[in-house]
Amino acid sequence: MTDVASGATPYDVLGVDRHASAEDLRRAYRRRQRQTHPDLGGDPAAFHAVQLAWERVGTAAGRAEYDRTAGGAPRSARFAEDDEGTRVWTTGTRRGSASAPGRARSYGHPGGASRQRYLTLMREWVGRGVDLSDPYQEDLVQRAPAEIRHALADALAEEATARTLSALGPAFAVWHDVATAAGGGGWADDADIASTEAAKIDHVVLGPTGVFVLQSEDWGAPVRPRGAELASAALAPGEQPVRSLARRARIARSWRVAVTALVVVLPDGALDEDVILLRRGRGRRPARLAVRRSSLGFLLTVGLPGSGRLPDAAFFELRTRLQEHVRFV
């Protein structure tokens, strides 16, 4: 039985006293994240419980709200009511859903490929044969080259977006780490590790407002629109993330699915606005947007202006088609 299923509080899940300092809480979260992460041999359900715990008490405002509303409740009435130990996503490439009741139906392993890429690059950088007991050690990550730090930031961003998407409700279906290379799943075994980032779509979302292709990013610097593209001091010269996403999204043509919008999801502090329209959709060309992660749920629920909502029959037809054609990295 997981900690969540047994009715543990967020503090129990993270392994700290409820009066722990913010710094101790952050360190405990990182430690528990490493201990439970599926890529490091941990239990997926326990890893998800750690993410939920951090969502509840990881910020000063969230922690204050939790302590005020749930801190005095009986142990059996706390944290367990939000998630009864069921997974929100799978850890392999199975087609079955592991979503909890009331959450979006989710498939694939969000951030899994980026985590693997990070671990591979980190081991290559440290040196073959060197004992790497903790690949997430803070000072090690800080000393690593930018490419390695970005691989980890990618994974964390994808996992954060997945948590947001899982809360959308059963009217949505989500596919994570979708393969775009020819032949589908299995490309990662043979592809050069430096090119794997460009061979997948982070998230494909189907909901009442259409089909959305998402890329989760955290470049660690402010981002601004430049025409139909995004610009940032953290991007390499000539890098065009939106255009790159559009190229990868062409895989949807082989699924016979029309994409409503391409969306780059960024940390709240990276954008000056909640949602930035980079290019309107036209004909078969999807709209292009950048959105703060906290506004993503609103965007997907409300949809694009004038786009309308999918009839039930169209929704189920699209879901069946995606289930048949989507492959995972």
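The values are calculated or read from the model by the stated rules, or taken from the named source; none is laboratory data. For clarity, every value in this text was computed on a predicted model and none was experimentally measured. No Cβ is skipped: glycine too gets one built from the backbone with ideal geometry, and neighbour counts run over all protein chains shown.
Cβ separations smaller than 8 Å between residues 6+ apart or across chains give the following pairs from the stretch 292-307 residues that are in contact (Cβ under 8 Å) with a residue 24 or more places away in the chain and under 23 Å from R224 (Cβ atoms) to residues that are of a type in the set (D, E, K, R) and part of a helix (DSSP H, G or I): R292/D268; R293/D268; S294/D268. You will find that of H19, H37, the residue that is outside the structural domain of R163 (by TED's automatic domain parsing) and more than 18 Å from E65 (Cβ to Cβ) is H37 and no other. Is it the case that the stretch 217-224 has a residue that's in a strand (DSSP E or B), of a type outside the set (S, T, Y) and in contact (Cβ under 8 Å) with a residue 12 or more places away in the chain? Yes, some residue in the stretch 217-224 is in a strand (DSSP E or B), of a type outside the set (S, T, Y) and in contact (Cβ under 8 Å) with a residue 12 or more places away in the chain.
Scan the stretch 237-258 and give yes if some residue there is surrounded by 16 or more Cβ atoms within 10 Å (Cβ to Cβ), touching a residue at least 40 places away in the same chain (Cβ under 8 Å), hydroxyl-bearing (S, T, Y) and assigned by TED's automatic domain parsing to the domain that holds W175, otherwise no. No, every residue in the stretch 237-258 fails to be surrounded by 16 or more Cβ atoms within 10 Å (Cβ to Cβ), touching a residue at least 40 places away in the same chain (Cβ under 8 Å), hydroxyl-bearing (S, T, Y) and assigned by TED's automatic domain parsing to the domain that holds W175. Within the stretch 115-134, the set of residues being surrounded by 11 or more Cβ atoms within 10 Å (Cβ to Cβ) and more than 16 Å from Q33 (Cβ to Cβ) comprises R117, T120, L121, R123, E124, W125, V126, L132. When V275, V265, V291 are screened for being in the same structural domain as V205 (by TED's automatic domain parsing), in contact with a Ser or Thr (Cβ under 7 Å, 6 or more places away or on another chain) and crowded, with 20+ Cβ neighbours inside 10 Å, only V265 passes. Could you tell me which residue of the stretch 9-55 is modelled with the lowest pLDDT, considering only residues that are touching a Lys or Arg at 6+ places or on another chain (Cβ under 8 Å), surrounded by 18 or more Cβ atoms within 10 Å (Cβ to Cβ) and outside any helix (DSSP H, G or I)? This residue is H37. Within the stretch 300-308, identify whether any single residue is over 22 Å from P222 (Cβ atoms), out of contact with any strand residue (DSSP E or B) (no Cβ under 9 Å at 6 or more places or on another chain) and either at pLDDT 95 or above or among the β-branched types (V, I, T) (or both), and answer yes or no. For the stretch 300-308, residues over 22 Å from P222 (Cβ atoms), out of contact with any strand residue (DSSP E or B) (no Cβ under 9 Å at 6 or more places or on another chain) and either at pLDDT 95 or above or among the β-branched types (V, I, T) (or both): present.
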